[in-house]
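First the structure, in the form of structure tokens, and then the observations on it.
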Amino acid sequence: MVLPFYRGNSITGWYATAVTDDGEQGLRSMLRAWFGSSYLTVFDNAALTNPSATPLRERFGGEVISFTGPEINQITARLALLARLEAQRPPLRRTEPRPVGRIRADLEHALAARDETHALSLIAELRATGRLNEENLQFLDIRLKAGLGKWQEIALDHWTIRNLSDLPLPPQTLSDLIEALYRVHLDGLDTAEPDAVLQAFNEHIYAPYPRLFASRHGVRSPRVVKAFILAEALQATPSTVVLGQLNALLPTSEIGWAEPFTEAGTQPADSTKDPLPEDRDAVEPVEPASSVKEPIDEAEAAYEDGQIDRAFELDLYQPLSRKSLMRLLACAQFIGTDDARTRLLAAFDSQTDTHGNLTESQIQRVELLRPKSAPQSDPDATANASGWLDWARRLAAAQGIENAVSDALDNRSTWETATLRGSAAQCGEFADLIGNLSGPAADIARQSLPLLVSAFFPDDEPPTVALKPVANVVLLLIAMDTTVSRADLETLSAVVAVLIDLGLSSPEYLTMIADLEDIQSRAASLTNLAWSLDMCELLAISPTPSEDARSARLRFFLAVVGQSQAFAHRLAAADFLPIEFLARDFGVDPRSILALRPEPQQDADAESVDLAGKLVGIYTLSQAAGARAKAVLEALFPGCRIEVNSDKVSTSSLTTLARTSDIFVFAWRSSSHQAFYCVKDALNGRDPTYAAGKGTASIINAVREAAA
């Protein structure tokens, strides 16, 4: 920045400073090179006592250069030329690739918002880094389809699954593959007769892809755990030990789910369940379970058949021998989780009487499994903490920050979250840790938000009160950031819905609205109008704890209306009608929004799109949003039939609506899995039109885009 210094009405000199650190480094050399000694007689730092330079120094914080010369007009002309050249200089672009972990985190963000276009561009960016081989690209393709909910495309691609099952799969890819197979072939059937379930599982999943079941690699997804339970039930002699371990990993509401699938039933969960990392104050020694009736040759047969998890569990509950220890070491290496290593060390330490029968080499290999940072005499030495809470603790302690994003991406599918989600103390500690980070650690937490949201707020599980502090900290992190992406807004919608469902006190509600107002001030645009109106609708139809809270939500709606004035000339009838409905909800005088009403000639919806005689089907579990969308669409498109369905399971009416609709809109953020598969089957190869959000404005936009 260069400013002239006037004395009277004439320029007598100039002051120059830089507005950025990078600019300050090159400012002096640039001016010297541009003017040289031919033009300037004074060129030096302005004195600290110079009152003319003080405002620049206080505003920008850098050095201020004072310069002048005898040819004032020529210097002025040279400065004008320099300004023109600077304006024409092309912007500098990054030529080096971004860190792979950052791109992967952005990819998860795009998938969380089901933004396929952005996700594909990020995969192209990952490919351009040159650091991914063909296998990695296949794993990314599976992750893309799973993140977008294209489970059938994964499950019905037989040869891809066959080829991938021969590879050492990352836990997330293994989880996506088995999840897709289970969703497509067993969802809705797993409560049927046990024989029918086992037959379907064996026919469609286990027999075609047995190598997928060598090891879970620690994956804890309920569908993956159920698939491994069914695989064990198909064995000639199902192991009560293995079934007990797997059954203990299911959500509390489904403990005992395995019992119908084996005559032996399962062991009580408490007798076999290993302490979870978040609960584990000390690892209890594993008793040499001589009473467990598992023949030792079963473990050997399982190992030779490539059933690594099964062999590990069977050997772990037998007295150690040279042969069984070698298998256990090999199995622990293949499984690759801290939990497997911890349990092997616990079994080894509890059976000191067998150590004399082992070779020195075997003992050394066991000792290599111990954490190097903890002394062997420490009872917690074998308890390698893992999971989201430990991840947050490491961030707070600034440990391993450079690998934190990759750690979360690579291990999230193996981290136990059910216990964490149900513990108010642990959720509170996690929220405190994440909310008080600073510097690079805070940036990493911000990048990892989509992973946190998917871990703490899964679609198929209602939130608990314990999760309220986590939801609050997610809202806070988005509100504190300088930029807000479309994916952030979708994450925000989910979190605000959780907070409202859990219930808020008046101070909590007012804080939430204040954060939303701050975010809305940065997100206000025609592009994000549907999100803003969906948020207003969520607030309008939800209870408020006080009169102050009602005033706050009204203030938020009026802010959205006021900000829309800037692009009122671009609004169409489909944009205005939801605002009109919301004005009624908030008790706002209709005359206050008349400035937003589009002129008749500006409304091109009815002229460019003719839906007369067409049937538009809408599926949403938010009945209020569905009813509003129907009213708006009937006003926009006279002669068009609009039908809304909110069935939670597959029904004949939902099937008929999906099959006969000319346009079928599926509000995936407000849906059930069984309804989704019913719709997919009824559409017979056609894709539904997905609504970006679950409010009225998002549903209307989806119909407009499909009809265009």
**Complete:** The percentage of the accessible area of the range 535-601 (probe 1.4 Å, all protein chains present) made up of carbon and sulfur atoms, to the nearest whole number, is 53
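Any idea what the relative contact order of the chain is, in percent, if you count C-alpha pairs under 8 Å spaced at least 6 apart? Mind dumping the intermediate values first?
Details: 931 pairs, mean separation 53.8, N = 708.
For the chain, the relative contact order is 8 percent.
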**Prompt:** Viscosity 1.306 mPa s, temperature 10 °C: Stokes-Einstein D of the range 428-521 from its Kirkwood Cα radius, in µm² per second?
**Reply:** 118
**Request:** Evaluate 2.2 N^0.38 Å with N set to the residue count of the range 464-581, then give the Cα radius of gyration divided by it.
**Result:** 1.04
**Prompt:** Dipole of the range 536-594 (Lys/Arg Cβ +1, Asp/Glu Cβ -1, origin at the Cα centre): which of P590, F567, P578 lies farthest to the positive side?
**Reply:** F567
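Rounded to whole Å and sorted largest first, what semi-axes of the equivalent ellipsoid does the C-alpha gyration tensor of the range 1-104 yield via the square root of 5 times each eigenvalue?
Whole-Å semi-axes of the equivalent ellipsoid: 32, 18, 12.
If I take all pairs of Cα atoms in the range 560-677, what percentage of them are more than 18 Å from each other? Numbers along the way, then the final one.
On the way: 4045 of 6903 pairs.
For the range 560-677, the fraction of Cα-Cα distances above 18 Å is 59 percent.
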**Request:** Just name one of T337, S321, Q364: the one whose Cα is farthest towards the positive end of the charge dipole of the range 291-365 (beta-carbon charges, Lys/Arg +1, Asp/Glu -1).
**Result:** Q364
**Value at 222 nm in deg cm²/dmol, rounded to 500, when DSSP H runs of n ≥ 4 in the chain each add -39,500 (n - 2.57)** = -16500 deg cm²/dmol
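I'm checking a number: the convex hull volume of the Cα atoms of the range 547-599, normalised per residue, in Å³. What is it?
65
Got a number for carbon plus sulfur as a percent of the range 1-157's accessible area, 1.4 Å probe? Working shown, then result.
Working: 4910 of 9560 Å².
Roughly 51 percent of what the probe reaches on the range 1-157 is carbon or sulfur.
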**Asked** Can you give the accessible area per residue of the chain, in Å², using a 1.4 Å probe?
**Response** 47
**Message:** Going by amide H atoms built from the backbone, whose H comes under 5 Å of the H on W257, apart from near neighbours?
**Reply:** none
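Dividing the alpha-carbon Rg of the chain by 2.2 N^0.38 Å yields what?
Working: Rg = 31.5 Å, N = 708, 2.2 N^0.38 = 26.6 Å.
Rounded to two decimals, the normalised Rg is 1.18.
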**Item:** Taking the range 515-636 and dividing mean pair separation by its residue count, relative contact order in percent (alpha carbons under 8 Å, at least six apart)
**Value:** 25
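Translational diffusion coefficient of the range 158-248 at 37 °C, 0.692 mPa s, Stokes-Einstein with Kirkwood Rh over Cα pairs, in µm²/s as a whole number.
On the way: Rh = 13.3 Å.
Here the translational diffusion coefficient equals 247 µm²/s.
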**Asked** Which of the trypsin sites (Lys or Arg not before Pro) found in the range 629-665 are loop residues per DSSP with 10 or fewer other Cβ atoms within 10 Å of their Cβ?
**Response** none
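Summing Lys, Arg as +1 and Asp, Glu as -1, what charge do residues with Cβ under 11 Å from the Cβ of L107 carry, L107 excluded? Mind dumping the intermediate values first?
Working: positive: R102, R104, R143; negative: D106, E108, D115, E125.
Value of the local net charge: -1.
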**Item:** Spread of Cα-to-Cα distances over 10 Å intervals beginning at zero, given as percent, for the range 180-233
**Value:** 24, 62, 13
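The values are calculated or read from the model by the stated rules, or taken from the named source; none is laboratory data. Just so we're clear, the structure is a prediction, and the values are computed from it rather than from any experiment. Virtual Cβ from ideal backbone geometry, glycine too; neighbours counted across all protein chains shown. Surface areas here come from the heavy atoms of the whole protein model, side chains and all, with no ligands, DNA or RNA. Shrake-Rupley method; radii C 1.70, N 1.55, O 1.52, S 1.80 Å.
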